Amino acid sequence: MIRCILLDDELPSLSYLQALCGNFKDVEIVKSFNNPQKFLDQLHKLDFNTCVMDILMPDLNGLDIAKLLPNKAIIFSTAYKEFAADAFDLHAVDYLRKPYQADRLQIAFDKAMKWIIANTESSEDIIELNSNQGKTRITASQIAYIEVADHDRRDKYIKMTYGPDILAKNISLDEIMMLLPAGKFCRINRRNVIALATVSSYTAQYVICKLKESSAMIKLTLSAPYRDHFINSLVV
């Protein structure tokens with residue numbers, strides 16, 4: 001899933017870009033900014049992997065901002081072609097000429113997705129377990145939540161945020177937790193483990209999980225014995 005920040009000081013251009021992005025099912029607009037300083041002020045609390053940004057902006061230009069985002073897929077945009085060389089020197093995934101065009105933006109997002117996959121699927125993020133399809137390698141960062149199977153408690157359904165779900169065979173939730181990256185997942189009841197990154201909201205009784213691929217919201221029970229640990233796990 002592309003979680004995108006849009007940054008353009010020209011409001012008409014920004015509004016048009018927002019409208020275009022709304023047509024791509026695999027793109028979530030985290031937030032839009034028309035002021036680069038406001039973006040930098042909020043940078044520490046924004047969860048995104050891609051940034052579409054203008055180059056020429058007041059006070060701070062996109063080239064300077066990109067240097068502060070070494071772990072993000074950068075798509076530059078400008079009405080001036082002379083910045084293309086500088087953009088690629090900063091390893092931008094693409095460079096768009098204004099005015100924006102939907103088909104060209106799709107190409108840029110395809111490149112961003114390839115960059116995201118290449119830069120997030122490290123060996124530490126891959127787990128291997130037995131499934132109904134044999135030995136299966138799973139990208140942990142793409143797991144939304146895990147649930148005990150109704151037909152056999154020894155099996156576990158692994159709900160993915162991107163791609164088909166997995167039926168893990170003959171493994172306990174505790175054993176799965178040992179395979180997963182520390183601090184990224186949490187047990188919330190006797191039947192469910194949830195990826196903290198998918199938590200949209202919660203109450204004393206429920207956790208709302210957002211499945212980013214489909215924009216669906218899943219409501220899971222938060223049991224009392226697990227509540228304190230879950231809330232403490234959310235604290236950054």
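For region 197-215: of the residues being assigned to a loop (DSSP other than H, G, I, E, B) and modelled with pLDDT of 90 or more, which is most open to solvent (accessible area, probe 1.4 Å)?
Filtering first and then ranking leaves GLN205.
With the structure loaded, tell me whether ASN49 is in contact (Cβ under 8 Å) with a residue 24 or more places away in the chain and more than 22 Å from ILE116 (Cα to Cα) or whether it fails that test.
Taking the combined requirement at face value, the residue does not satisfy it.
Looking only at region 47-66, count every residue that is closer than 17 Å to ASP8 by Cα, assigned to a loop (DSSP other than H, G, I, E, B) and out of contact with any Cys (no Cβ under 7 Å at 6 or more places or on another chain) and tell me the total.
Counting residues in region 47-66 that are closer than 17 Å to ASP8 by Cα, assigned to a loop (DSSP other than H, G, I, E, B) and out of contact with any Cys (no Cβ under 7 Å at 6 or more places or on another chain) gives 7.
Kindly indicate whether any position in region 38-45 is over 20 Å from ALA73 (Cβ atoms) and not hydroxyl-bearing (Ser, Thr, Tyr). First the steps, then the outcome.
Keep residues of region 38-45 that are over 20 Å from ALA73 (Cβ atoms), which gives 38, 41.
Checking which are not hydroxyl-bearing (Ser, Thr, Tyr) leaves us with 38, 41.
For region 38-45, residues over 20 Å from ALA73 (Cβ atoms) and not hydroxyl-bearing (Ser, Thr, Tyr): present.
Look through ILE146, ILE194, ILE218, ILE127 and report the one residue that is part of a strand (DSSP E or B) and within 28 Å of ASN23 (Cα to Cα). It would help to see each step written out before you state the result.
Details: ILE146 fails: within 28 Å of ASN23 (Cα to Cα); ILE194 fails: within 28 Å of ASN23 (Cα to Cα); ILE127 fails: within 28 Å of ASN23 (Cα to Cα).
The conditions single out ILE218.
Can you tell which of LYS135, LYS156 is under 22 Å from ILE208 (Cα atoms), among the basic types (Lys, Arg) and either out of contact with any helix residue (DSSP H, G or I) (no Cβ under 7 Å at 6 or more places or on another chain) or crowded, with 17+ Cβ neighbours inside 10 Å (or both)?
It is LYS156.
Anything in region 36-45 that is surrounded by fewer than 18 Cβ atoms within 10 Å (Cβ to Cβ) and within 22 Å of ASP94 (Cα to Cα)? List them, or say none.
LEU40, LEU43
Report whether or not LEU60 is of a type outside the set (Phe, Trp, Tyr), at pLDDT below 85 and open to solvent by 30 Å² or more (accessible area, probe 1.4 Å).
Against the criterion (of a type outside the set (Phe, Trp, Tyr), at pLDDT below 85 and open to solvent by 30 Å² or more (accessible area, probe 1.4 Å)), LEU60 qualifies.
Answer with yes or no whether PRO181 is in contact with a helix residue (DSSP H, G or I) (Cβ under 6 Å, 6 or more places away or on another chain), within 20 Å of ILE138 (Cα to Cα) and part of a loop (DSSP other than H, G, I, E, B). Let's see the steps before the verdict.
Numbers: in contact with a helix residue (DSSP H, G or I) (Cβ under 6 Å, 6 or more places away or on another chain): yes; within 20 Å of ILE138 (Cα to Cα): yes; part of a loop (DSSP other than H, G, I, E, B): yes.
Yes.
How about region 162-182: which of its residues are open to solvent by 20 Å² or more (accessible area, probe 1.4 Å) and within 24 Å of ALA216 (Cα to Cα)?
TYR162, GLY163, PRO164, ASP165, ILE166, LEU167
Here is a check on your reading of the model: is SER141 open to solvent by 20 Å² or more (accessible area, probe 1.4 Å) and within 17 Å of the chain's Cα centre (by Cα)?
Details: open to solvent by 20 Å² or more (accessible area, probe 1.4 Å): yes; within 17 Å of the chain's Cα centre (by Cα): yes.
Here the answer is yes, as SER141 does meet what is asked.
Give the residue that is nearest to the chain's Cα centre (by Cα), with candidates limited to residues of region 33-46 that are more than 24 Å from ILE117 (Cα to Cα) and not aromatic (Phe, Trp, Tyr).
GLN42
Scanning for something touching a strand residue (DSSP E or B) at 6+ places or on another chain (Cβ under 9 Å) and farther than 21 Å from PRO99 by Cα, does region 3-23 turn up at least one residue? Walk me through it before giving the result.
Within region 3-23, the subset touching a strand residue (DSSP E or B) at 6+ places or on another chain (Cβ under 9 Å) is 3-10, 13-15, 17-18, 21-22.
Adding the requirement that they be farther than 21 Å from PRO99 by Cα leaves 3.
Yes.
With the condition kept exactly as written, say whether any residue in region 218-229 is of a type in the set (D, E, K, R), open to solvent by 80 Å² or more (accessible area, probe 1.4 Å) and within 26 Å of PHE24 (Cα to Cα). Before the answer, list the steps.
Quick first cut of region 218-229, residues of a type in the set (D, E, K, R) only: 219, 227-228.
Within this subset, residues satisfying the condition of being open to solvent by 80 Å² or more (accessible area, probe 1.4 Å) are 219, 228.
Restricting the remaining residues to those that are within 26 Å of PHE24 (Cα to Cα) gives 219.
Yes, region 218-229 has at least one match.
The values are calculated or read from the model by the stated rules, or taken from the named source; none is laboratory data. Bear in mind the structure is a predicted one, so any value in this text is a computation, not a measurement. A quick note on method: Cβ atoms are made from the backbone with ideal geometry, for glycine too, and the neighbour counts reach across all protein chains shown. Each accessible area value is taken on the protein alone, full model and side chains, heavy atoms only, with ligands, DNA and RNA left out. Shrake-Rupley method; radii C 1.70, N 1.55, O 1.52, S 1.80 Å.
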